[in-house]
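Trainee: Here it is, the structure in full.
No value in this document is a laboratory result; all are computed from the given coordinates. Everything numeric here is computed off the predicted structure, so don't read it as measured data. So basically every Cβ, Gly included, is an ideal-geometry build from the backbone, and we count neighbours across all protein chains shown.
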């Protein structure tokens, strides 16, 4: 199924028998190379130390079962990888698993592990979670340590968990974030106000979001989130600049996949003016989100506008150096809106939203 790049059983004590978790191959595990599923990094030396989140999991009694596959260099939303293979979608083998944390979502969806860690810059946890029918969370930026996570420098990237059940996801967050307190957010259902953000999406998916909110007993109303298009463009500009800075030199190896080569070359064209404009949008959009959250407690919206693409049609775009086009089609503007917003308040655009795990609804 290509969910794992390497499999092992790592625990803090030989007799430890805690829950199992898998770790995305952009996160360091001592004794194993961090290759980010790239042929260009296949000969990387083994990491000397665990990433901080890995050490925290081990200390909390979790058993690490391996490093998971991913979209090369975490720079893509399909999960297709011609070097390490493409993880299978547990909901529908004909469809993409989503990226970039494809292997983590796949492993959780197939029940190979209780949970997994991924990373999310512009949807790389939330997208695969929606595609694979599991729960995925992008925490507030800076809340979870990125020490030992590639790329080293990022103003948007977050380590986030996958799980099949919410209580397991909470257990992961409790382990990797010492300040996390699941009890602090508990309130009477009748007092929670939810703003359902108006977006263009498949009618079935939009209705599923409304049904979940209403079934939970929350008071809700429709809200408009302005500047989504500007926020999407700003997020892409920041991601492109930071990814080029981190990995652009790998083009010279000639070992980068065709889709990544094209995307990195495009990313190299991001200008200082583009970044300055993006930072301005970040400030404006963050303020817009904060204003909305003065009137509601939570903003809810689907992760994806439609059901995940068939792998065969996506692969045709990938092989033809068009993964950029495919990515932009499956990466909606509202998922990306969590990128330039620095708000630490609640904007929920994550994986599974229903007990019945309907593929692609999230």
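Trainee: Run the quick spin-label model on residue 170 and residue 140: label points 7 Å from Cα toward the beta carbon, then report their separation in nm to one decimal.
Mentor: Rounded to a tenth, the inter-label distance reads 1.9 nm.
Trainee: Compare the peptides 15-24, 91-100 by average per-residue count of other Cβ atoms within 10 angstrom and give them in order, highest first.
Mentor: Output ranking for 15-24, 91-100: 91-100, 15-24.
Trainee: Quickly work out the residue 258-to-residue 245 label distance, labels modelled 7 Å from Cα along the C-beta direction, and quote it in nm with one decimal.
Mentor: In this crude label model, residue 245 to residue 258 measures out at 3.2 nm.
Trainee: Run the Debye formula on the Cα coordinates of the stretch 1-124, all scatterers equal and no solvent, and tell me log10 I(q)/I(0) at q = 0.17, 0.19, 0.20 1/Å.
Mentor: Values returned for q = 0.17, 0.19, 0.20 Å⁻¹ are -0.78, -0.96, -1.05.
Trainee: Would you mind ranking 43, 261, 157 so that the residue whose beta carbon has the fewest other beta carbons within 10 Å leads the list?
Mentor: Numbers: 43 9, 261 17, 157 24.
The order, fewest Cβ neighbours first, is 43, 261, 157.
Trainee: Subtract the Cα-Cα distance of residue 279 and residue 6 from 0.36 nm times their separation in residues, and report this length gain in nm to one decimal.
Mentor: On the way: separation 273, 0.36 × 273 = 98.28 nm, distance 3.84 nm.
Roughly 94.4 nm would be gained on extension.
Trainee: Tell me what the chain gives for mean residue ellipticity at 222 nm when only DSSP H runs of n ≥ 4 count, each as -39,500 (n - 2.57), the sum divided by the residue total, rounded to 500 deg cm²/dmol.
Mentor: Working: 11 runs with 119 residues, N = 362.
Roughly -10000 deg cm²/dmol at 222 nm, from the helical runs in the chain.
Trainee: If you count, for each residue, the other Cβ atoms within 10 Å and average over each peptide, how do 235-241, 225-231 line up from highest to lowest?
Mentor: Numbers: 235-241: 22.9, 225-231: 18.1.
My ranking of the peptides, most packed first, is 235-241, 225-231.
Trainee: Evaluate the distance, in nm, between pseudo-label points positioned 7 Å from the Cα of residue 42 and of residue 211 along their respective Cα→Cβ axes.
Mentor: 4.6
Trainee: What fraction of the DSSP beta bridges in the stretch 4-348 is antiparallel, stated in percent and rounded to the nearest 5? Present the calculation step by step, with values, prior to reporting the outcome.
Mentor: Values: 16 of 34 bridges.
Antiparallel bridges: around 45 percent, rounded to the nearest 5.
Trainee: Another question, then. Above 30 angstrom, tally the Cα pairs of the stretch 4-348 and express them as a % of all pairs, no decimals. List each step's numbers first, then the result.
Mentor: Working: 19180 of 59340 pairs.
Beyond 30 Å sits 32 percent of the P(r) for the stretch 4-348.
Trainee: Between residue 272 and residue 229, how high is the FRET efficiency from 1/(1 + (r/R0)^6) when r is the Cβ-Cβ distance and R₀ = 25 Å? Nearest 0.05. List each step's numbers first, then the result.
Mentor: Details: r = 22 Å, r/R0 = 0.88.
Given R0 = 25 Å and the Cβ-Cβ separation, E is 0.70.
Trainee: Something else about it: Could you quote the convex hull projected area for the stretch 63-119, Cα atoms only and averaged over all directions, in nm²? Don't jump to the answer; show the numbers that get you there.
Mentor: Numbers: hull surface 14.8 nm².
Directional mean of the projected Cα hull area for the stretch 63-119 stands at 3.7 nm².
Trainee: What's the ranking of 188-200, 62-74, 134-146 by average number of surrounding C-beta atoms within 10 Å, highest first?
Mentor: On the way: 188-200: 15.2, 62-74: 27.3, 134-146: 21.3.
Put in order of decreasing packing, that is 62-74, 134-146, 188-200.
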